[in-house]
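The values are calculated or read from the model by the stated rules, or taken from the named source; none is laboratory data. Note that the structure is predicted; figures quoted are calculated from it, not measured. Cβ atoms come from the backbone with ideal geometry, glycine included; neighbour counts cover every protein chain shown. Heavy atoms of the whole protein, side chains included, go into the accessibility calculation; ligands, DNA and RNA do not. Shrake-Rupley method; radii C 1.70, N 1.55, O 1.52, S 1.80 Å.
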Amino acid sequence: MDFSRRLGDRRLLDSDALEEIDRMTNIALGQLSGGISPASLAMAYLDWTVHLSASPGKRFQLAAKAARKALRLGSYALTSIATGKAEPCIEPLPGDHRFDHPGWQRFPYNVIYQGFLLNQQWWHNATTGVRGIAKHSEAAVSFTARQILDMTAPCNIPFLNPEIAAATISERGANLARGATNYHEDLRRSLRDEKPAGAEAFRVGENLAITPGKVVYRNQLIELIQYAPTTATVQHEPVLMQSAWMMKYYILDLSPHNSLVKYLVDRGHTVYMISWLNPGPEHRNLGMEDYRKQGTLAAVDAISAMQPERKIHAVGYCLGGILLTITAAAMARDGDHRLASVTLFTTMTDFTEVGEINVFMDASEVTLLEDMMWQKGYLDHKQVSGGFQALKSADLIWSKMVREYYLGHREPMFDLMAWNADGTRMPYRQHSELLRRLYVDNELFEGKYMVEGRAISISNIHCPIFAVAAVADHVAPWHSVYKLHLQSDATELTFVLTSGGHNVGIVNEPGHPRRSYQLSVCHEGDRCVDPETWKEQTPSTQGSWWPVWQQWLERHSSGSETLPTMGAPEKGYEPLCDSPGTYVMKQ
């Protein structure tokens, strides 16, 4: 079967030329709409309007709410004018800091922001809870309404924002001059496809990813890095780490003070790292099976050859964790017991509740993305980061615009931000398979994911599992990560819920203030509770989860041994170059 047609979920047309017409039309629409499917949004809007029109009770409720909110706002405005102080009608949602400045408590700014919050609440009521509407349509309409509200919020309009007004008066417009300079620099860098301002101060191999090591294996998809030991002895079982292929590996080896790799090496673990190739158009046909065989499995084979008769602690982060889960399940099915344990960082294995990213996961949207990828042969990291920014546009887009362009305060660059700007591409075929087989069809959770012609099951993984989720993660919501409990038959499943988001929750070095985590251990046969009950009943511990995980790895190891060699030249694994290697340098 023609793979491109199957991935595109399209019928076989009379000729390739006709199919190309459809594809090019979709590409043009995608470029105009910023990668959002107009058909998907139109169908969601139609679904909402039709069902809302057929719900007179809901419409009456919304009208009544609008009237009550107008009366409350009018009363608040009159009281504020008369007394200079009035009890707010509504408070911002938790985590919304757009109106924290004291100027928002003065008239008329207090009435403006209160009116916006009431309007925001009304639109939430209008776009949710409509009888009969499909879940995806409701999510899409609510998401779109929130994007419009976030964009038009009074804090984004200079003459309606008291903080901007005060700064402009006190600085005599210097803030706007700095903001104009910042905007001009950002625009120039964007047009030249350059990294953000300040990123040049962070260089891989100089002040990022500097833990000493050697590249001991390389194929067309990965470089395998072995890190040099810093202790007199090491644990018998090595640790293999892999990040998502859409990110460069050194998020796990940032600066010396927050490098998870260095943390493990300094405590007596032999650490290996997969560094993924940054694919180009020539790699368009690499698929999930290529990443499994030439990525995770190739690294396991290389380590087993260099350090025979040793099991491996395998670690996967985000999409790297999904790939590790697939690999581990296939190995368990085939009787391959080389894994001592599996650790999953912010990894979903069930895709029924993926948060707001589900807005981008219907068949129309996936087809549009496939056609846009088809033109280049890959998905560019800017498209991915733009989509994730839209999920938290109030913080990541509009508040940033206010700080940098209106207040003139440039955010200082730091290592994690520099890493985030150093993205990678994803091959057309692999990303299409990821979207359709996992996010749309949920094959892994349902036991339908095929590896080498046979289905795999996560329940076949019986080695200990350590899973980490983050409370504020909008990429892999912790409730979905927690669903691993429903699939796992591991002898021991340790689940950690840490503070922070998708990245900050993992780059969580000890000594950092205001960090905490909750931890529980579920053994085979134990009763499973729902996530909210678990969160309520599980005690919270202050600090980083890193020490707990490192001790867990140690407990599941079989003791110490003398230092291994770097690579194994006698077996064909001679060190090729120093870390961080060459693949991570490719832009």
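Would you kindly derive the ³J(HN,Hα) couplings of the stretch 459-470 from the backbone phi angles with the Karplus curve 6.51 cos²θ - 1.76 cosθ + 1.60 (θ = phi - 60°), listing them in order in whole Hz, with x for Gly and Pro?
5, 6, 7, 10, 6, x, 10, 10, 10, 10, 10, 10
At residue 388 and residue 582, where each label point lies 7 Å from the Cα along Cα→Cβ, what is the point-to-point distance in nanometres?
2.8 nm
Only Lys, Arg, Asp and Glu count, each charged at its Cβ (+1, +1, -1, -1), so figure out the dipole size of the chain about its Cα centre, rounded to 20 debye. Intermediate values should be presented prior to the final figure.
Values: 56 positive and 65 negative charges, 309 e Å.
Computed charge dipole of the chain: roughly 1480 debye.
Once you list every other residue whose beta carbon is under 11 Å from the beta carbon of residue 258, what net charge do they have if Lys and Arg are +1 and Asp and Glu are -1? If you can, show how the numbers build up before the last one.
Numbers: positive: 262; negative: 253, 415, 509.
Once all neighbours under 11 Å are counted, the net charge is -2.
Let's see if you can work this out: charge +1 on each Lys and Arg Cβ, -1 on each Asp and Glu Cβ, no other charges. What is the dipole magnitude of the stretch 78-221 about its Cα centre, in debye to the nearest 20? Before the final figure, lay out each step's value.
Details: 15 positive and 14 negative charges, 75 e Å.
The dipole magnitude comes to about 360 debye.
Rounded to the nearest 20 Debye, what is the dipole magnitude of the stretch 348-397 about its Cα centre when Lys and Arg each give +1 and Asp and Glu each give -1 at the C-beta?
On the way: 3 positive and 9 negative charges, 56 e Å.
Around 260 debye, computed over the stretch 348-397.
For the stretch 206-320, what does the accessible surface come to per residue with a 1.4 Å probe? Please give it in Å². Mind dumping the intermediate values first?
Details: 3090 Å² over 115 residues.
Per residue, the stretch 206-320 has an accessible area of 27 Å².
Among 247, 316, 198, pick out the residue whose Cα is farthest towards the positive end of the charge dipole of the stretch 198-341, where Lys and Arg carry +1 and Asp and Glu carry -1 on C-beta, about the Cα centre.
It is 316.
Relative to a virtual label point 7 Å from the Cα of residue 301 in the Cα→beta-carbon direction, which members of the stretch 263-294 show backbone nitrogen distances below 15 Å?
289-294
Accessible area per residue, 1.4 Å probe, Å², for the stretch 89-161: what's the number?
Solvent-accessible surface per residue comes out at 49 Å².
Order the following by accessible area, largest value first: 521, 300. Probe radius 1.4 Å; ligands, DNA and RNA are ignored.
Details: 521 70, 300 0 Å².
The ranking, largest first, comes out as 521, 300.
Of 183, 517, 250, which has the most accessible area and how do the rest follow, probe 1.4 Å? Present the calculation step by step, with values, prior to reporting the outcome.
Values: 183 120, 517 25, 250 5 Å².
From most exposed to least exposed: 183, 517, 250.
In nm, to one decimal, how far is the modelled label at residue 282 from the one at residue 353, with both set 7 Å along Cα→Cβ?
4.6 nm
Anything over 18 Å Cα to Cα? Flag those among 214/262; 195/382; 262/311; 248/382, in the order listed.
Too far apart for the 18 Å limit: 262/311.
Between the stretch 57-77 and the stretch 249-278, what's the alpha-carbon centroid distance in Å?
About 55 Å separates the Cα centre of the stretch 57-77 from the one of the stretch 249-278.
Placing +1 on the Cβ of each Lys and Arg and -1 on the Cβ of each Asp and Glu in the chain, which of 39, 286, 102 has its Cα farthest towards the positive end of the resulting dipole?
Of the candidates, 102 comes out farthest on the positive side.
Looking at the square roots a ≥ b ≥ c of the eigenvalues of the Cα gyration tensor of the stretch 419-478, which shape do they give, rounded for a/c under 1.5, prolate if a/b is larger than b/c, or oblate? Before the final figure, lay out the partial values.
Numbers: a/c = 1.98, a/b = 1.18, b/c = 1.67.
Oblate, because a/c is 1.5 or more while a/b does not exceed b/c.
Just tell me which aspartates and glutamates come within less than 14 Å, Cα to Cα, of residue 135; anything on the same chain fewer than 8 places away is out.
47, 353, 356, 362
Tell me, in nm to one decimal, what length is gained between residue 232 and residue 334 on full extension, where the rule is 0.36 nm per residue of separation less the Cα-Cα distance?
Working: separation 102, 0.36 × 102 = 36.72 nm, distance 3.68 nm.
That pair, residue 232 and residue 334, stretches by 33.0 nm at full extension.
Using a 1.4 Å probe and ignoring any ligands, DNA or RNA, find the accessible area of residue 291 and quote it in Å² to the nearest 10.
About 0 Å², ignoring ligands and nucleic acids.
Rounded, prolate or oblate: which one fits the stretch 454-587, using the alpha carbon gyration tensor with axes a ≥ b ≥ c (rounded when a/c is under 1.5, else prolate when a/b beats b/c, else oblate)?
Details: a/c = 1.82, a/b = 1.47, b/c = 1.24.
Taking the square roots of the gyration eigenvalues as a ≥ b ≥ c, the stretch 454-587 is prolate.
When the chain is fully extended, how far beyond the present Cα-Cα distance does residue 180 get from residue 537, taking 0.36 nm per residue of separation?
On the way: separation 357, 0.36 × 357 = 128.52 nm, distance 5.08 nm.
Length gained between residue 180 and residue 537: 123.4 nm.
With the contact rule set at Cα under 8 Å and sequence spacing of 6 or more, what percent relative contact order holds for the chain? Mind showing how you got there, number by number?
Details: 989 pairs, mean separation 106.6, N = 587.
The normalised contact order for the chain reaches 18 percent.
Could you work out the local net charge near residue 340, counting Lys and Arg as +1, Asp and Glu as -1, over the other residues with Cβ closer than 9 Å to its Cβ? Each step should come with its number before you reach the end.
Working: positive: 310, 311, 338; negative: 237.
Taking every Cβ under 9 Å from that of residue 340, the sum is +2.
Find the centroid of the Cα atoms in the stretch 526-587 and in the stretch 115-165, then give the distance between the two in whole Å.
Between the Cα centres of the stretch 526-587 and the stretch 115-165 lies a distance of 42 Å.
To the nearest 0.05, how large is the calculated FRET efficiency for residue 489 and residue 59 if R₀ is 60 Å and r is the Cβ-Cβ distance?
0.75
How many percent of the accessible area of the chain is carbon or sulfur, using a 1.4 Å probe? Please report the intermediate quantities before stating the final value.
Working: 14860 of 26040 Å².
For the chain, the apolar C and S fraction of the accessible surface comes to 57 percent.
How tilted is helix 16-33 with respect to the longest principal axis of the chain? Cα atoms for both, answer in degrees (0 to 90, nearest 10).
50 degrees
Please report the accessible area of residue 138 (heavy atoms, 1.4 Å probe, ligands and nucleic acids excluded) in Å², nearest 10.
Here the residue's solvent-accessible area equals roughly 50 Å².
Could you pull the accessible area for residue 475 with a 1.4 Å probe, rounded to 10 Å²?
20 Å²
For a Förster distance of 41 Å, can you work out the FRET efficiency between the beta-carbons of residue 83 and residue 151, rounded to the nearest 0.05?
Numbers: r = 34 Å, r/R0 = 0.82.
With a Förster radius of 41 Å, E is 0.75.
Can you give the FRET efficiency for residue 562 and residue 396, using 1/(1 + (r/R0)^6), R0 = 51 Å, r = Cβ-Cβ distance, to the nearest 0.05? Write down the numbers at each step before the final one.
Values: r = 48 Å, r/R0 = 0.95.
Efficiency at R0 = 51 Å is approximately 0.60.
Using 0.36 nm times the number of residues separating residue 50 and residue 294, minus their current alpha carbon distance, what extension gain do you get?
On the way: separation 244, 0.36 × 244 = 87.84 nm, distance 4.97 nm.
The span from residue 50 to residue 294 would gain 82.9 nm if fully extended.
Classify the chain as rounded, prolate or oblate from the Cα gyration tensor: take a ≥ b ≥ c as the square roots of its eigenvalues, call it rounded if a/c is under 1.5, otherwise prolate when a/b beats b/c and oblate if not.
Details: a/c = 1.67, a/b = 1.48, b/c = 1.13.
In terms of gyration-tensor shape, prolate.
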